[in-house]
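So that we are looking at the same thing, I have put the structure below in structure tokens.
The values are calculated or read from the model by the stated rules, or taken from the named source; none is laboratory data. All figures in this text were calculated on a predicted structure; none of them were measured in a lab. Note: areas computed on protein heavy atoms with side chains; ligands, DNA, RNA excluded. Shrake-Rupley method; radii C 1.70, N 1.55, O 1.52, S 1.80 Å.
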Amino acid sequence: MDTSANSSKSCTSGVRAAAIRKAHEATARRDAERLRRERDLEAALVDFYAALARIEKIRAKAAHDAEPFARDADEAVRRMASLGEPVAAIAELTKLPSSQVRAILTGPKRKSVGPSSAGPIGETPATDGLLGVEGSVA
């Protein structure tokens, strides 16, 4: 009986088993790295969305706190117009866009913001004039 064929098969199966083991180890390392990266990415996203929520809350409060001053600024623009200043001159003097000056002059006056009109916590009533979309003074 020739044992060289059996010997080579057992040697081949031993090599194959070692190769499979090494392949499993390599893919396990790759999978572990991918999972670590995904956890890190998720943690970064959690931090991002938490910061964004805080920013939105601060902006809403700032818009609410700025409302009385925005009403005063709008009224000053109306007074300039009542003194005969044209829209273009008011825009030049205040550095506001002409469209915003026109909106202040033709739009409704701002309502007082009190506890009853403030809405739920974190929300502010809709505004026009000097408060921009994000609630910052333009």
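Based on alpha-carbon atoms only, what is the radius of gyration of the stretch 55-110 relative to the globular estimate 2.2 N^0.38 Å?
Compared with the compact-globule rule of thumb, the stretch 55-110 sits at 1.26.
Still on this structure: Measuring with a 1.4 Å probe in the full set of protein chains, what accessible area per residue, in whole Å², belongs to the stretch 33-102?
So the stretch 33-102 comes to 73 Å² accessible per residue, rounded to a whole number.
Got a sec to turn the phi values of the stretch 23-28 into Karplus ³J(HN,Hα) couplings, 6.51 cos²θ - 1.76 cosθ + 1.60 with θ = phi - 60°, whole Hz, x for Gly and Pro?
5, 4, 4, 5, 5, 5
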